[in-house]
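J.: One structure is given below, represented as structure tokens, and several questions about it will come after.
Just so you know, all these numbers are worked out from the coordinates, no wet-lab data involved. Computed from a predicted model, the values in this text were never measured in an experiment. Here Cβ is always computed from backbone atoms with ideal geometry, including for glycine, and neighbour counts include all displayed protein chains.
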Amino acid sequence: MQVDGAGDIVAAGSTYSTGFDSQTNTGYSDVMVMKFSSAGTHQWTVLRGGSSYEYAYSLKAERAGLFVVHVPTHLLEKH
């Protein structure tokens, strides 16, 4: 979990859920990134992944509104 200069919160991890926050899981586990306002209001959720096990290794707040999620490259599939 990271907080940017504007106080917005982003959390990254993985999920096995399907239909999570209106998103579709495409494999066993997908990378999940969620953003909340400084007041704690949910703003968005993104799931990304292939047909195998994907997870977020680390997360870094760069500046207001920009976050970097590290996903190990051996987990990414060519599309």
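J.: May I ask you to derive the relative contact order of the chain, considering only C-alpha pairs under 8 Å and at least 6 residues apart, and to give it as an integer percent? Kindly include the intermediate steps, with their values, before the conclusion.
T.: Working: 173 pairs, mean separation 23.3, N = 79.
Answer for the chain is 29 percent.
J.: Using alpha carbon coordinates only, what is the Rg to Rh ratio of the chain, with Rh defined as the Kirkwood radius?
T.: Working: Rg = 12.8 Å, Rh = 12.9 Å.
In the chain, Rg relative to Rh is 0.99.
J.: Dipole magnitude of region 1-65 about its Cα centre, charges +1 at Lys/Arg Cβ and -1 at Asp/Glu Cβ only, in debye to the nearest 20?
T.: 60
J.: At a threshold of 8 angstrom on Cα-Cα distance, excluding pairs fewer than six apart, so keeping six or more, what relative contact order does region 20-63 reach in percent?
T.: Working: 61 pairs, mean separation 18.7, N = 44.
It rounds to 42 percent for region 20-63.
J.: Taking 7 Å along the Cα-to-C-beta vector as the label spot, tell me the Trp44-Ser22 distance in nanometres, rounded to one decimal.
T.: Reported label-point gap for Trp44 and Ser22 is 1.2 nm.
J.: Suppose R0 equals 22 Å; then what is the FRET efficiency for Ala11 and Tyr53 from their Cβ-Cβ distance, rounded to the nearest 0.05?
T.: Values: r = 19 Å, r/R0 = 0.86.
Efficiency computed from Cβ-Cβ geometry: 0.70.
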